[in-house]
1. Scan B:Gly179, B:Gly160, B:Gly166 and give me the residue that is of a type outside the set (A, V, I, L, M, F, W, C), more than 13 Å from chain A (Cβ to nearest Cβ) and over 23 Å from the mean Cα position of the chain (by Cα).
2. Can you tell me which residues in the range B:17-42 are at pLDDT 95 or above and away from chain A (no Cβ under 13 Å)?
3. So, restricting to helices (runs of 4 or more DSSP H) that lie completely within the range B:74-173, which ones have at least 3 residues that are open to solvent by less than 40 Å² (accessible area, probe 1.4 Å) and charged (D, E, K, R)?
4. In the range B:17-44, how many are part of a loop (DSSP other than H, G, I, E, B), open to solvent by less than 10 Å² (accessible area, probe 1.4 Å) and within 22 Å of A:Val48 (Cβ to Cβ)?
5. Any residue that is in contact with a strand residue (DSSP E or B) (Cβ under 9 Å, 6 or more places away or on another chain), in contact (Cβ under 8 Å) with a residue 40 or more places away in the chain and within 27 Å of A:Arg23 (Cβ to Cβ) - is there at least one of those in the range B:166-182?
6. Show the residue pairs that are 6+ apart or on different chains and have beta-carbon atoms under 8 Å apart, the first residue being within the range B:61-72 and closer than 16 Å to B:Val11 by Cβ, the second being hydrophobic (A, V, I, L, M, F, W, C) and in a helix (DSSP H, G or I).
7. Filter the range B:52-73 down to residues that are open to solvent by less than 50 Å² (accessible area, probe 1.4 Å) and at pLDDT 70 or above and give me whichever is farthest from the chain's Cα centre (by Cα).
8. So, in the range A:16-33, of the ones that are facing chain B (nearest Cβ under 7 Å) and under 17 Å from the mean Cα position of the chain (by Cα), which residue ends up nearest to B:Phe147 (Cα to Cα)?
Amino acid sequence: MNDSEANYPDISDILARKEAGRRQRAALSFTEKLDALDALRKRVQPIVRARKLRERGQGGRPVGEA
Amino acid sequence: MSLRKTIEVVVRLADAGIIQEYAIAGAVAALSYIQPTLTEDLDILVSTEHFETRSSGLILLAPIEKALADMGYTERTDVGVVIGDWPVQFIPVASKLDEEALEQAVEVHIDVPGEPALTARCLSAQHLVAIALKVGRPKDRTRIDAFLQQGAVDLVALKGILERHGLMAAWLTYCARAGIEDPLRTA
């Protein structure tokens with residue numbers, strides 16, 4: 001059975017909303033995008049910091065790897 | 001310190017003549033044209049005529065570092081000098097393409113509360129795509145995808161740049177790899 005025969009949900013509206021969101025974000029002013037980037041970076045900073053600490057502690061190898 | 005403030009420090013360096021020609025490059029420059037994507041640093045392309053060059057070809061960016069140190073920015077990371085919360089990488093012009101990109105950089109305006117908007121220089125969309133193509137890492141190809149998908153690049157101007165700088169073969173390889181028909185064919 002291929003995809004067109006299977007009973008999968010129609011996700012075209014989800015994809016359309018995602019595309020609209022992309023366009024909306026792309027249309028923000030440069031200043032608004034700089035602020036968005038600041039916020040985005042703050043959100044991922046704990047993850048980045050933890051990764052760096054792990055790498056330093058393991059001589060460059062992620063934790064759990066031999 | 002916000003990225004706005006970090007850019008303001010770079011503009012102050014330019015106003016003071018510490019750096020001459022400059023433009024915001026990399027992911028932060030791409031912001032000007034496409035939706036925001038995460039980056040860890042701010043790239044600044046700088047002209048090098050007035051910097052000392054060692055016989056080995058190494059360019060000394062000491063004047064920039066000294067000026068920043070005088071302003072209190074002495075911390076360094078593996079990706080550059082930290083200005084506020086952002087590591088800033090000053091990248092000397094290293095090719096004819098970089099030279100042209102710097103010459104044709106455009107102005108962007110950044111709102112500063114209670115003050116007149118700050119004007120900074122930023123690489124054009126076409127040059128960002130051409131440089132990404134030349135550098136060619138996976139994240140650069142992703143950036144090109146974004147510019148094309150979001151219709152954020154002037155294809156006629158891009159074609160001219162790629163032809164001038166011998167990048168058409170790399171472009172066709174990119175298209176083949178991305179599984180797309182060459183959008184420049186009709187440009």
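The values are calculated or read from the model by the stated rules, or taken from the named source; none is laboratory data. Because the structure is predicted, anything quoted here is derived from the model rather than measured. Quick reminder, even Gly has a Cβ in these numbers, built from the backbone with ideal geometry, and neighbours come from all protein chains shown. Heavy atoms of the whole protein, side chains included, go into the accessibility calculation; ligands, DNA and RNA do not. Shrake-Rupley method; radii C 1.70, N 1.55, O 1.52, S 1.80 Å.
1. After ruling out the rest, the residue left standing is B:Gly179.
2. B:Tyr22, B:Ala23, B:Ala25 - these are the residues of the range B:17-42 that are at pLDDT 95 or above and away from chain A (no Cβ under 13 Å).
3. Fully inside the range B:74-173 and qualifying: nothing.
4. Taking the range B:17-44 and keeping what is part of a loop (DSSP other than H, G, I, E, B), we get B:17-21, B:31-41.
Then drop every residue that is not open to solvent by less than 10 Å² (accessible area, probe 1.4 Å), which leaves B:19, B:31, B:34.
Checking which are within 22 Å of A:Val48 (Cβ to Cβ) leaves us with B:31.
Residues in the range B:17-44 being part of a loop (DSSP other than H, G, I, E, B), open to solvent by less than 10 Å² (accessible area, probe 1.4 Å) and within 22 Å of A:Val48 (Cβ to Cβ): 1 in total.
5. Here is the first cut: in the range B:166-182, the residues in contact with a strand residue (DSSP E or B) (Cβ under 9 Å, 6 or more places away or on another chain) are none.
The answer is no; no qualifying residue exists.
6. B:Ile64/B:Leu13; B:Ala67/B:Leu13; B:Leu68/B:Val9; B:Leu68/B:Leu13; B:Met71/B:Val9
7. Step by step, filter the range B:52-73, then rank; the result is B:Ala69.
8. So in the range A:16-33, the residues facing chain B (nearest Cβ under 7 Å) come out as A:22, A:25-26, A:30-31, A:33.
Those left that are additionally under 17 Å from the mean Cα position of the chain (by Cα): A:22, A:25-26, A:33.
Details: A:Arg22: 12, A:Arg25: 13, A:Ala26: 10, A:Lys33: 16 Å.
Residue satisfying both the conditions and the ranking: A:Ala26.
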